[in-house]
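The values are calculated or read from the model by the stated rules, or taken from the named source; none is laboratory data. Only a predicted model underlies this, so the values are computations on that prediction, with no experimental measurement involved. Cβ: placed from backbone, ideal geometry, glycine included. Neighbour counts: every protein chain shown. Quick note on the areas: whole protein, heavy atoms, side chains included, nothing else; ligands and nucleic acids left out. Shrake-Rupley method; radii C 1.70, N 1.55, O 1.52, S 1.80 Å.
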Amino acid sequence: IHDHDIVADETWYPSGNPHYVTQGIAVGSYDGAKLTIMPGCLVKFYTTTNASAGLLIGNTVPGELIAVGKPDSLITFTSNAATPAPGDWYGIRFTSGNRPTSRLSYCVIDYGGTANGGAVECSWGASANVDHCTIRNSAGNGIITIDHDGRVTNFTGNTITNNAKYPLDAYCNNVRHLGTGNVLTGNGLDCILIYGRGIDSSGTWLKHSV
């Protein structure tokens, strides 16, 4: 059972499966704190009031999430409901204090994300590395970058499908971070939603087949 904020380095192991998250958990402290989730972990989020159970990385103070699975030993984040439904839990949110080394790799993120959010959120300048993940069954976007230049980086080999809205969005200056080998179909709106503002860094917008 995980019912506390992470204020010192902590590691979750598959020997503890399933890991139950009962509330919103903030990862970070003034000295910095890192949550490491090992390959093969199964993390189940309680369905709470306003779907508030989830992970919040770097909420104004330094924090880091390292969830790096393997092709044959995925990390799964999902609902604890007997009959899961989109939006059962809040999702994984990276915000202003997040370290850019945070990474989601070989993860399955299922049923997280509210109607106005996403299963993975990057806001207030936060960036997170996302590769070889499957993100599905969000009540909103698969990935949302909602405020002040949030972005995903090293974005390769992901499958984002069966989400109610867009597979992902991006500020125009950050589309260049979207890499190759991604499958972005089967969502409510099979498009990449691009926000305005200026482009101040050179880069290339790749063909993503949506």
* **Alpha carbon centroid spacing (whole Å) that separates the stretch 176-197 from the stretch 55-108** => 19
* To do: Determine, from the Cβ-Cβ distance of Tyr195 and Ser15 and an R0 of 30 Å, the FRET efficiency 1/(1 + (r/R0)^6), rounded to the nearest 0.05.
  => 0.10
* Structure fact -> Taking every DSSP bridge whose two residues both lie in the stretch 1-119, the antiparallel percent to the nearest 5 is 5
* **Protection-proxy order for peptides 86-95, 190-199, 162-171, each taking the mean of Cβ atoms within 10 Å per residue, highest first** => 86-95, 162-171, 190-199
* **Total charge dipole magnitude, the chain, about the Cα centre, Cβ charges on Lys, Arg, Asp, Glu only, Debye to nearest 20** => 420
* Asp3-Asn116 FRET efficiency (beta carbon distance; Förster radius 22 Å; 0.05 resolution) -> 0.30
* Structure fact -> So, for the Cα atoms of the stretch 4-129, Rg and Dmax in Å stand at 13.3, 40
* Accessible carbon and sulfur surface of the chain relative to its total accessible area, %, 1.4 Å -> 51
* Asked: Taking N as the number of residues in the chain, what is its alpha-carbon radius of gyration divided by 2.2 N^0.38 Å?
  -> 0.94
* Asked: Assigning unit charges at the beta carbon (Lys, Arg +1; Asp, Glu -1) and nothing else, what dipole magnitude in debye, to the nearest 20, does the stretch 124-210 show about its Cα centre?
  -> 140
* Asked: Accessible surface of His132 in the full protein assembly, 1.4 angstrom probe, to the nearest 10 Å²?
  -> 80
* If you line up the Cα atoms of the stretch 70-111 on their principal axes, what length do they span on each, largest first, in Å? -> 35, 29, 11
* To do: Can you work out the accessible area per residue across the stretch 1-104, with the rest of the protein chains kept in place, probe 1.4 Å, in square angstrom?
  => 45
* Using a cut-off of under 20 Å, list every residue of the stretch 144-170 whose amide N is near the label point 7 Å from the Cα of Val183 along the Cα-to-beta-carbon line. => 155-169
